[in-house]
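Quick notes on the structure that follows.
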Amino acid sequence: SQTIHQWPATLVQPVGSPLSLECTVEGTSNPNLYWYRQAAGRGLQLLFYSVGIGQISSEVPQNLSASRPQDRQFILSSKKLLLSDSGFYLCAWSYSYNSPLHFGNGTRLTVT
Amino acid sequence: QKEVEQDPGPLSVPEGAIVSLNCTYSNSAFQYFMWYRQYSRKGPELLMYTYSSGNKEDGRFTAQVDKSSKYISLFIRDSQPSDSATYLCAMSLRDSGGSNYKLTFGKGTLLTVNP
């Protein structure tokens, strides 16, 4: 069966510090990978998605970037965090574009 | 008009009640419909996935899609305290370029089932 791992579960970082969140998927190959942010009252916002190694599409211009160095690894990064980057970050995978997403358990990021 | 509307609740019901959760949408191009359950501080978990009008049943859960009226529903029979969570609807359509599917989520309904 497929599993998705996301870490860390919680993170507190000062403004201006770098960020690296990692996500890995097991049990499938060449999945579509996604990064979402969930803010209270605003629902799920798609940040990035990837259909293959090195292929990243950005949905929202912002202070974040994503990379996919390996088939089942997806990384969300920032060089300098802003207060507005605080939120609940979720990684997800799917078999293909028209198949449902499967989410990890998220990282709660607080920027102080 | 928002693409997907979902009543945020909160919705509180006694154990054993039948729960009805609903979403309406404005874009008739949506093709695939999903319901997710999200416990506090956890990621959303896929409950139901369907692409046709009508009902789909899985245990105590029934997903209903009415494309002519543009709404979807999730029914939970014999609700349990363990069903207490936020329920998110989601739907997808093929984008204008034809090479990608756009997935849109509702904002979620908070459900509490009281023992």
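The values are calculated or read from the model by the stated rules, or taken from the named source; none is laboratory data. Everything quoted here is computed from the prediction, not taken from an experiment. Using ideal geometry, Cβ is built from the backbone for each residue, glycine included, and neighbour counts are taken over all protein chains shown. Please note that ligands, DNA and RNA were not included when accessible areas were found on the heavy atoms of the full protein model with its side chains. Shrake-Rupley method; radii C 1.70, N 1.55, O 1.52, S 1.80 Å.
Descriptive notes on the structure:
- Anisotropy class of the range A:3-111 from Cα gyration tensor, a/c 1.5 cut: prolate
- Label-zone membership for the range B:4-30, site residue B:78, 7 angstrom Cα→C-beta point, backbone N under 12 Å: B:16-17
- Partner chain coverage, peptide B:39-46 - average Cβ within 10 angstrom: 6
- Residues in the range A:80-111 reached by a label modelled at residue A:10 [backbone nitrogen below 20 Å; 7 Å Cα→Cβ]: A:83-91, A:104-111
- Among B:62, B:40, A:14 the positive-end extreme of the charge dipole of the protein assembly as shown (Cβ point charges): A:14
- Taken as Cα centroids, the range A:47-112 and the range B:56-84 sit 30 Å apart, rounded to the nearest whole angstrom.
- For A:35-44, mean number of other protein chain Cβ atoms within 10 Å: 4
- For chain B, a Gaussian network of Cα nodes joined below 10 Å ranks B:88, B:74, B:46 by mean-square fluctuation, and the top entry is B:46.
- Förster radius 35 Å - calculated FRET efficiency between residue A:1 and residue B:5, Cβ distance, rounded to 0.05: 0.55
- Per-residue accessible area (protein heavy atoms, 1.4 Å probe) orders B:94, B:37 as B:94, B:37, starting from the largest.
- Shielding score for B:83-92, defined as the mean number of other chain Cβ atoms within 10 Å: 1
- Placing +1 on the Cβ of every Lys and Arg and -1 on the Cβ of every Asp and Glu, with no other charges, gives the protein assembly as shown a dipole of roughly 420 debye about its Cα centre.
- Restraint check, B:2/B:42; B:70/B:102; B:2/B:102; B:42/B:107, Cα-Cα greater than 19 Å: B:2/B:42
- Each label point was placed 7 Å from the Cα along the Cα-to-Cβ direction; for residue A:82 and residue B:17 their separation is 4.2 nm.
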